[in-house]
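Quick notes on the structure that follows.
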Amino acid sequence: MSEAVHKDYIGAKFGMWLFLFTEILLFGGLFVLYAVYLNRYPEGFIAGGGELDVRFGAANTLVLLTSSLFVAMSITALRRGEKRLCSLLLVGTILSALIFLINKYFEWSSKISHGIYPGSEHLLEIPKGEAVFFNLYYVMTGLHGLHVLIGMIVLAFTLVFVIRDKVTGEDWVLLENAGLYWHLVDVIWIFLFPLFYLLLH
Amino acid sequence: MTYNTAAPTADRGFLGEARYPGIFGWIFSTDHKRIGLLYLWSIVTFFCVGALLGVLIRLELFAPGETIMGAQAYNAVFTLHGVIMIFLFIIPGIPAAFGNLVMPIQIGARDVAFPRLNLLSWWLYIIGAGLAVISLFTGGGPPDTGWTFYVPFSVQTSTNVSLATIAVFILGFSSILTGLNFVTTVHRLRTEGMGWFRLPLFTWALYSTAWIQILATPVLGITVALIFAERIIGTGLFDPNQGGDPIMYQHLFWIYSHPAVYIMVLPGMGVVSDIVPVFARKPAFGYKAILLSSLAIAFAGSLVWAHHMYTSGMSDIGILVFSFLTFIVAIPSAIKVFAWLATLHKGSILLDPPLLFALSFILLFTIGGLTGLILGAAATDIHVHDTYFVVGHFHFTMFGGTGMAFFAAMHFWLPKIYGRMYDKTIATVSWGVIFIGFCILYISMKIVGVMGMPRRYYDYIAEFTDLNQLATFGSWILIVGLVLMFVNIICGCIAGQKVGANPWGGASLEWQIPSPPPTENFGEEDPVVTHGPYNFKKAGIL
């Protein structure tokens, strides 16, 4: 059985874009819930949003945007044959993702220490609009955080492939697809940030 | 019979040599035909399990009161029957099995766009199926929520719903990957001369289906994930005590699960569209109308989800709009039925088993579709909502539609895939038995439903006894027919008479290569297509 080498770059990117659609629709279900509940409890959402620390959110937005820049630059670097620079930029992206998650950890910890987490007694006592706001906050940023983690793993594998010359300046579609995935993770955050942190402003 | 001149070959094609020995040559194969057969036989296995559970349900309903099982066992059995039939049989049935087997050949490709992803899809299917089976025996016992997992019950029940939702999530992922693979394949791998309007209608139907799989399934994923999260960590997004709304669960669930019924039926329509011209020896009437109606169904079918929720407390305006949209879906469906009938009109019809199953599809699906309109109209729906009329309706569309199309596809393409023909007489007899059993079983359900018997109860009042017993008799006839059919097909695949490349006289590409097809489908050179898939004159068949 001959394993014919069939490389279809457009096909590979096409498939990736379709996959990104499915990711958007996965979050889409949650955005629908957000829209309906915001419409039902505008006051609760504003009160809930006021309790979030906009500095955490803004810092994470900056970190993610920078990481997206890194990954875009790493693709250009690889196409120019600068493998070392490409690897460094990918390490930078992965480190940014790590900083994002550490930041998230501290943010969540401070909320949890105030008794605000899914299933807590506190959420049953506060107004329903605020409770549903915080539940959405945990589910949506949690699912996003999971995607950051998956993105880190994907980028780490891509980094190994770059180092071992499996992904090169001539054959870089895997890096580009990993980059596309990372941009998606970034874009979803760009929507989450104003929906949760900037409600007052 | 000039088309059948190619003598059967001794070569076993893709069934012969493999990269790995024994079973590993199958479960690690990236060949689309091998993966198609893996899917086919896994799906047939689960169908048999689901059918057995269906018979158990009918036995319980043979008489009022507890017959063979109590209420809790009955709830678990109908849930399982639904989950297995929906997620393990009908949704992957035709696209994953027959789509994989013939679609790449139909467009002149050597494989799908992402062969390894294709293998991963099958593995995810098996893992999901395995978890669904494990959920029966672990935790708090088999899920008892019905396949719809409606809140609040699904969040509160102590049975093992959590694991079942993980299984559904994984099965959904498998379905998404298949859809993504097929869309990319149809866009990128059509051979020279295979323009969009030369694609066989089966491929067109799969293409439309694949888009629904991509666009709708993720919503199911997030919905069952939310059930899981609510059960495990109490996220409460559907819990009124925390400001959530259970109706939102129903919306999200049906945003996937209504388009999903078109994931189930569109490929079946594609099978019928491919079979009817071959056995009428006429080009498909209204080729473009059929393919456009596939796309129209895929589009309009995504906008009608809330017609499952007329009695859930929607606004009257909402009911009116969704009722109107529901009626619109009937138009492209009717276009297809008329196009098939026009294809048959004045054709030289060969009543071989594949056509018989396809014809029963047309009749039963039409009945199922028309009873769907009774449910789509709000006034009548409120009368028959959650009665056995609904059960009869969707079995006519799903089993009478997709199930019959699945059997038609088996009788149509398996001689191609194995290079061996089953016994046509037994196949015809089994078709007759299945058809009679089917009608007795499900027509009785519809009548008893109109009389007011609710679904999902293990017990009923004495007035309904006669019709329920009739339905149970029908289920026995149906099972006899199914056993006969499967035994005949399996014996045919193993030891049937050898056939040549084109046993039925088809004009599309899959009939131009040897049976069984070679590993990479085509020889050294890719085929060049010069005529449409139903041009029997140019293909040298007429």
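A:I163 meets each of the listed conditions (1) within 12 Å of chain B (Cβ to nearest Cβ); (2) farther than 19 Å from A:L64 by Cβ apart from (1). Criterion applied to B:I436, B:I494 was being touching a helix residue (DSSP H, G or I) at 6+ places or on another chain (Cβ under 7 Å), surrounded by fewer than 16 Cβ atoms within 10 Å (Cβ to Cβ) and assigned to a helix (DSSP H, G or I), and the one residue passing it is B:I436.
Within the stretch A:61-86, the set of residues being among the basic types (K, R) and buried (at least 16 other Cβ atoms within 10 Å of the Cβ) comprises A:K83 only.
Of the residues B:A109, B:A76, B:A164, which single one is crowded, with 21+ Cβ neighbours inside 10 Å, over 26 Å from B:F407 (Cβ atoms) and more than 14 Å from every other protein chain (Cβ to nearest Cβ)?
B:A164
Going by the conditions given, is A:I190 surrounded by fewer than 22 Cβ atoms within 10 Å (Cβ to Cβ), part of a helix (DSSP H, G or I) and either touching a Ser or Thr at 6+ places or on another chain (Cβ under 9 Å) or within 11 Å of another protein chain (Cβ to nearest Cβ) (or both)? When the stated conditions are applied, A:I190 passes them. Here B:F279 meets each of (1) at the interface with chain A (Cβ under 9 Å from one of its Cβ atoms); (2) under 26 Å from the mean Cα position of the chain (by Cα); (3) over 28 Å from A:L20 (Cβ atoms) with one exception, condition (1).
Could you list, in sequence order, all residues of the stretch A:118-135 that are more than 7 Å from chain B (Cβ to nearest Cβ) and under 21 Å from the mean Cα position of the chain (by Cα)?
A:F133, A:F134
In the stretch B:439-481, the residue that is surrounded by the most Cβ atoms within 10 Å (Cβ to Cβ) out of those that are in contact (Cβ under 8 Å) with a residue 24 or more places away in the chain, on the phi < 0 side of the Ramachandran plot and among the charged types (D, E, K, R) is B:K446. Does A:G48 qualify as being within 13 Å of another protein chain (Cβ to nearest Cβ), surrounded by 16 or more Cβ atoms within 10 Å (Cβ to Cβ) and under 30 Å from B:D111 (Cα atoms)? No; evaluated as a whole, the condition is false for this residue. Scanning the stretch B:24-68 for residues that are within 25 Å of B:N118 (Cα to Cα), more than 16 Å from the chain's Cα centre (by Cα), among the small types (G, A, S) and surrounded by fewer than 20 Cβ atoms within 10 Å (Cβ to Cβ) yields one hit, B:G25.
Of the residues examined, B:W204 is one that is more than 14 Å from chain A (Cβ to nearest Cβ), part of a helix (DSSP H, G or I) and not small (G, A, S).
Taken over the stretch A:160-178, residues that are part of a helix (DSSP H, G or I) and among the acidic types (D, E) amount to 1.
Out of everything in the stretch B:344-364 that is small (G, A, S) and part of a helix (DSSP H, G or I), what residue ends up being surrounded by the fewest Cβ atoms within 10 Å (Cβ to Cβ)? In this case the residue turns out to be B:S360.
Just one residue in the set B:G301, B:G270 is at pLDDT 95 or above and either among the small types (G, A, S) or in contact with a Leu (Cβ under 7 Å, 6 or more places away or on another chain) (or both); that residue is B:G270. The listed residues are B:I297, B:I275, and the only one of them that is assigned to a helix (DSSP H, G or I), among the β-branched types (V, I, T) and within 26 Å of B:F322 (Cα to Cα) turns out to be B:I297. For B:F238, the criteria (1) within 14 Å of chain A (Cβ to nearest Cβ); (2) in contact with an Asp or Glu (Cβ under 7 Å, 6 or more places away or on another chain); (3) over 21 Å from B:T217 (Cα atoms) hold in every case but one, which is (3). Would it be correct to say that A:T168 is within 27 Å of B:F114 (Cα to Cα) and surrounded by fewer than 21 Cβ atoms within 10 Å (Cβ to Cβ)? The answer is yes for A:T168. The residue list B:E463, B:E510 contains one member that is assigned to a helix (DSSP H, G or I), among the acidic types (D, E) and within 26 Å of B:F357 (Cα to Cα), which is B:E510. Of all the residues in the stretch B:175-193, those that are surrounded by fewer than 24 Cβ atoms within 10 Å (Cβ to Cβ) and either away from chain A (no Cβ under 14 Å) or among the hydroxyl-bearing types (S, T, Y) (or both) number 3.
Per-residue answers, yes or no, for (1) at pLDDT below 90; (2) within 21 Å of B:F357 (Cβ to Cβ):
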| site | (1), (2) |
| --- | --- |
| B:A284 | no, yes |
| B:Y287 | no, no |
| B:S294 | no, yes |
| B:S315 | yes, no |
| B:F322 | no, no |
| B:L325 | no, no |
| B:I328 | no, no |
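So, B:T235, is that one outside any helix (DSSP H, G or I) and buried (at least 21 other Cβ atoms within 10 Å of the Cβ) or not? Judged against the criteria, B:T235 is a match. Could you check the stretch B:6-63 and list, in sequence order, the residues that are modelled with pLDDT of 90 or more, in a loop (DSSP other than H, G, I, E, B) and within 14 Å of chain A (Cβ to nearest Cβ)? Across the stretch B:6-63, the qualifying residues are B:F28, B:S29, B:T30, B:D31. Residues in the stretch B:516-531 that are touching a helix residue (DSSP H, G or I) at 6+ places or on another chain (Cβ under 8 Å) and within 18 Å of B:A109 (Cβ to Cβ): B:P516, B:P517, B:P518, B:T519, B:N521, B:P527, B:V529.
Taking A:V139 as the residue in question, decide whether it is at pLDDT 95 or above, over 12 Å from the mean Cα position of the chain (by Cα), under 22 Å from A:F19 (Cβ atoms) and within 14 Å of chain B (Cβ to nearest Cβ). Yes. Take B:T145 and tell me if it is more than 25 Å from the chain's Cα centre (by Cα), buried (at least 17 other Cβ atoms within 10 Å of the Cβ) and in a loop (DSSP other than H, G, I, E, B). Answer is no for this residue. Just one residue in the set B:T371, B:T425 is surrounded by fewer than 24 Cβ atoms within 10 Å (Cβ to Cβ), closer than 24 Å to B:G505 by Cβ and among the hydroxyl-bearing types (S, T, Y); that residue is B:T425. Scanning the stretch B:284-319 for residues that are surrounded by fewer than 16 Cβ atoms within 10 Å (Cβ to Cβ) and within 26 Å of B:L509 (Cα to Cα) returns B:K288, B:L292.
The values are calculated or read from the model by the stated rules, or taken from the named source; none is laboratory data. The structure displayed is predicted, hence computed values, not measured ones. Backbone-built Cβ (ideal geometry, glycine too); neighbour counts: all protein chains shown.
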